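What follows is one structure encoded as structure tokens, with my remarks underneath.
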Amino acid sequence: MDAKVDEMSKAYQELVAAAQAILEARRQPGGENTAAMDAAREAFEQRRKLFAVACDDADALVQSARQSIVSDPGRFVDVVTTPDEDSVRSPTRSSAESSSSSGFGALPDEVLRHILLRLPSAAAAARTSLISRRWRNLWSTLLPKLRFPGVTDLARVGAALRLRVAPVRLLRIESSDRAPDKIVAVLHLAAPLLEGKLCFDVITPAAAAAGAAGTGGAIQIPCFEKATEITIRLRGRLGIQLPPSGVFARLTALSLSHCRFDDQGQRDLGDAVSSEGCPSLRELRIRDADVVSNLAIRSESLRLVQLSRLEGIRQLTISAPALTELDLYACLLWGMPMVDIFAPALETLHWVDFFSSSSVRFVEKPNVHRLSVYGMVYGRRNTPGSLQLVQHFTEARDVHLSLVYPSIMDMSCELLVQAVKKLPAVEILSLRLLTIGHTFGPCVYHLLKMSTGIRELKLKLEDHIADGEVPCSSGCVCYEPQAWKKNNISLNFLQKVEINNLSGAERQIYFVKRLLRWTMPELKTITLSFDPLVTVSEKVSRKLLSFSTPGICMEIYLHRNGTRVKYSAAN
């Protein structure tokens, strides 16, 4: 073992010396273009290769050390002794300690750091202090990333952070300890140390979290002046109080989820994430949270805002002149909140939420290129959805529609997607259809008729029928209107079609047949992918292939033994 350690240590020192020789050659007259520089570079390359070989040869040693540190640190113990103890130690013990000291203890700091970085957690790294006197507290100075997985008592994390003297670039904590006072203590210890990313995840089991939802004291978040990214997930919606003052000067990304924002006093959530509190913030994500009724975000730096399943909003204001992406999901479903958005640079809008032109206002209409909305395919007028946005942003080139069929329909239901009129700018049309056993031909036909300039069509079918549900019959309203069965569409620019998650149902097979009968002179490829849970017969695959015409490449993908494979017709 010592021979490998000595070889790696020697190779490392020679590599450092070769690098120093390059620096010295660069300082000489002529700089880069001298024979001395060429020789230095050649020597450095040789030393680099020798060091790589030494590291490869010592890899088994490093792995052995890693496993021992994690599972059996006692075998490397280098006990601190006094001269009197040295005089009475047995020769065997003295020899073992000498081997440890001259082996791992003699490695350069950079090599020790290499070993520490390969350990799975901060606890394992801390146990390296048992290897040698030189290793004591090395983990607290050399290790830039601290990971604490599966923590049951946050007091231990607090004790480790108190010993930390060097800055931390990454602090990752996964804990089942949801005591607010301990969480607060750890965060306050971490705040002055962190100069990078914080990930704090309370992993309380779902049942326990549900029983404790909304209970317990509030967690006071300190000001992380040097943190660049913060992610905090608090299962059970523990309360959060943001700092009443201070600036998160370097923070570029903030994600808060599964929490509630208690009475904030001097500064609420909107104030904290606005330019005054986070002048460098570029990405903001808030999910599954109880928030203040009046949420106002005003930021000059934000590029991305994602708000998902927020409860309690009565008024939402977003003023972000640099914002390029806004994602809103299930935040406006109750009480028709008033929404004002000023985001003139907005390019991507995902609005899977309620929308009404009477309650939602874009102060300055942005030039949205990518648009995602949702709606019901059939229903009564004024059914909640956001399909109206398709008509509001008529210049969108990439449009994604999530369309849901109601489980129960009668003849009073209307085809709501008929409210979508001409979409002249759309080039990529993606449809996610939750059909629940209904036919989708009339819906897709209408949307294609409104988007004749598309170049790419993507369909994802979710056709799962729950136990006890009966697929619709031929008299169902989903078959109306039937113009799609006989009328033609000219899709003169369509080049590519993808249909995913096919089940092989007859209504799906018929749709593919009808689709390929429409006028599509530029169509090059159509890709059909079946649901991984479906067993596809040779007959169905051959039938689909028979619909293709010369000049169109049809590819069919199935799943066999858990692997996606391309169908090849049997001879």
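The values are calculated or read from the model by the stated rules, or taken from the named source; none is laboratory data. Fair warning: this is a prediction, and the values are worked out from it, not measured in the lab. When we count neighbours, we look across all protein chains shown, and the Cβ atoms used for this are built from the backbone with ideal geometry, even at glycine.
The table that follows gives values for the structure above.
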item: Subset of the stretch 178-208 (residues that are at pLDDT 90 or above, outside any helix (DSSP H, G or I) and of a type outside the set (A, V, I, L, M)); result: P192, E195, G196, K197, C199, F200, D201
item: Residue that is surrounded by the fewest Cβ atoms within 10 Å (Cβ to Cβ), among those in the stretch 143-187 that are among the hydroxyl-bearing types (S, T, Y) and within 20 Å of Q220 (Cα to Cα); result: S176
item: Flag if L429 is in contact with a strand residue (DSSP E or B) (Cβ under 7 Å, 6 or more places away or on another chain), of a type in the set (A, V, I, L, M, F, W, C) and either under 21 Å from I556 (Cα atoms) or touching a residue at least 24 places away in the same chain (Cβ under 8 Å) (or both); result: yes
item: Qualifying residue in the stretch 260-277 (condition: within 23 Å of the chain's Cα centre (by Cα) and in contact (Cβ under 8 Å) with a residue 40 or more places away in the chain); result: yes
item: The lone exception for L307 - which of (1) over 25 Å from R235 (Cα atoms); (2) modelled with pLDDT of 95 or more it fails; result: (1)
item: Qualifying residue in the stretch 285-293 (condition: in a loop (DSSP other than H, G, I, E, B), buried (at least 19 other Cβ atoms within 10 Å of the Cβ) and hydroxyl-bearing (S, T, Y)); result: no
item: Selected residue [under 18 Å from T527 (Cβ atoms) and either among the small types (G, A, S) or in a strand (DSSP E or B) (or both)] from I509, I499; result: I499
item: The stretch 476-492: number of residues that are at pLDDT 90 or above and crowded, with 16+ Cβ neighbours inside 10 Å; result: 3
item: Filter pass, G236 being in contact with a helix residue (DSSP H, G or I) (Cβ under 8 Å, 6 or more places away or on another chain), over 30 Å from F342 (Cβ atoms) and at pLDDT below 90; result: yes
item: Filter result (of a type in the set (G, A, S) and part of a loop (DSSP other than H, G, I, E, B)) within the stretch 27-44; result: G30, G31
item: Some residue of the stretch 369-382 being in contact (Cβ under 8 Å) with a residue 60 or more places away in the chain and closer than 16 Å to L431 by Cα; result: yes
item: Candidate set: the stretch 130-159, residues that are farther than 16 Å from I183 by Cβ and part of a loop (DSSP other than H, G, I, E, B); chosen: the one modelled with the highest pLDDT; result: P144
item: Residue match in the stretch 421-435 (condition: within 23 Å of L328 (Cα to Cα), modelled with pLDDT under 90 and not in a helix (DSSP H, G or I)); result: yes
item: The stretch 160-177, residues that are of a type in the set (K, R) and not in a loop (DSSP other than H, G, I, E, B); result: R162, R169, R172
item: Given (1) among the hydroxyl-bearing types (S, T, Y); (2) closer than 19 Å to H258 by Cα; (3) at pLDDT 90 or above, number of the condition T228 does not satisfy; result: (2)
item: Long-range neighbours under 7 Å by Cβ, at least six apart or interchain, first residue within 12 Å of C413 (Cα to Cα) within the stretch 475-488, second aliphatic (A, V, I, L, M) and exposed (fewer than 13 other Cβ atoms within 10 Å of the Cβ); result: V477/M411
item: Yes/no for R564 being part of a strand (DSSP E or B) and either in contact with a helix residue (DSSP H, G or I) (Cβ under 8 Å, 6 or more places away or on another chain) or at pLDDT 90 or above (or both); result: yes
